[in-house]
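Derivation of every value follows stated rules applied to the coordinates shown; laboratory data play no part. It should be emphasised that the depicted structure is a prediction, and the values quoted were computed from it without experimental measurement. No Cβ is skipped: glycine too gets one built from the backbone with ideal geometry, and neighbour counts run over all protein chains shown.
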């Protein structure tokens, strides 16, 4: 990863900066779906942060559908940045629907009816 932009003095948590840097790297094609990433400790060393910070960023990207984390198998690129962006919007929609009293099944039905 080149031109790393992680700063402890920047606003916001470091793990969010790490996640953003990894998203950028994926968007620029530095790793393709199915490709394995270096171990978290190596990424932490390159980025100049704690391994736990990297692990938290990796978990966030896993929740977004960009990465797949498997114990003993490492971290694999699971999807594209576009898929990650869609997953973020889906999570926002689900959270909003819950706040309005709708359950996940009802949201799915609404999406299917609109498509």
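Quick rundown of the values:
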| read-out | value |
| --- | --- |
| Exposure proxy ranking, count of Cβ atoms within 10 Å, fewest first, for 64, 30, 112 | 112, 30, 64 |
| For region 14-79: rounded, prolate or oblate by the Cα gyration tensor [a/c cutoff 1.5] | rounded |
| Rel. contact order, % - alpha carbon contacts under 8 angstrom, at least six apart, region 39-107 | 19 percent |
